[in-house]
1. Tell me the trypsin sites (Lys or Arg not before Pro) within segment 30-137 that lie in a loop according to DSSP and have at most 15 other beta-carbon atoms within 10 Å.
2. Roughly what angle does helix 14-65 make with the longest principal axis of the chain, taking Cα atoms, 0 to 90 degrees, to the nearest 10?
3. Helix-only estimate, please: 222 nm mean residue ellipticity of the chain, summing -39500 (n - 2.57) across DSSP H runs of length 4 or more and dividing by its residues, to the nearest 500.
4. Only four residue types carry charge here, +1 at the Cβ of Lys and Arg and -1 at the Cβ of Asp and Glu. Report the dipole size of the chain about the Cα centre in Debye, rounded to the nearest 20.
5. Calculate, axis by axis, the spread of Cα positions in the chain along the three principal axes, and write the results as whole Å, longest axis first.
6. Please give the length that would be gained between residue 29 and residue 96 if that part of the chain were fully extended, namely 0.36 nm times their separation in residues minus their C-alpha to C-alpha distance (nm, one decimal).
7. Please find, in a Gaussian network model of the chain (springs between Cα atoms separated by less than 10 Å), the residue of 24, 11, 87 whose mean-square fluctuation is greatest.
8. Name the lysines eligible as straight-distance cross-link partners of residue 58: C-alpha to C-alpha under 22 Å, and not fewer than 8 places from it in the same chain.
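Each value in this text was obtained by applying a stated rule to the coordinates, not by laboratory testing. This one's a predicted model, so the numbers in the text were calculated from it and none came from an experiment. No Cβ is skipped: glycine too gets one built from the backbone with ideal geometry, and neighbour counts run over all protein chains shown.
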Amino acid sequence: MPEGSSSVRKAFTLVEALVATTLAAVGVVAALNGMSSIGKAQALSQERERMLMIGKSKLDEFVALGEYQDQGGSFDEWGESRYIWEAQIETTGTTNLSEVIFTVRRRDSENDEKRMVTLYTLVYEELESTTAAGGTP
């Protein structure tokens, strides 16, 4: 193009087109990764919510039965074979008051804190009263 001429450029160069395409591709990949992360987070949240629901029900059953000792089991009878539970009883320093630490986790995740929930509650154990012969408590 001669000096001093003022012609208007009407098209993109090949380099400009490649740069624009590359930027668009990077943006699409970033968006897809973000959506994938959101999907994984949502699935994990739903799983933790399910573990909380079945854990709360099992903890209520555990407390109602009054068998306050360390134990564990599965949720197979509830159709939830992916999960297991464990109950630990800790003393609190207050007479007849114990803390129940109730953990629900996936069978296939030993120490993955993202795949487990822990519930805490206190239980009061009444002492059995003794009575005199023939008397009532």
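1. Details: sites: 40, 48, 50, 56, 58, 82, 105, 106, 107, 114, 115; in loops: 107.
Counting only loop positions with at most 15 other Cβ atoms within 10 Å, the trypsin sites (Lys or Arg not before Pro) in segment 30-137 are 107.
2. Here the helix axis deviates by roughly 10 degrees.
3. Working: 1 runs with 52 residues, N = 137.
Result for the chain, helices only: -14500 deg cm²/dmol.
4. Around 1200 debye, computed over the chain.
5. Its Cα atoms span 124, 32, 21 Å along the three principal axes.
6. The span from residue 29 to residue 96 would gain 18.2 nm if fully extended.
7. Among 24, 11, 87, the largest GNM mean-square fluctuation belongs to 11.
8. Filter leaves 114.
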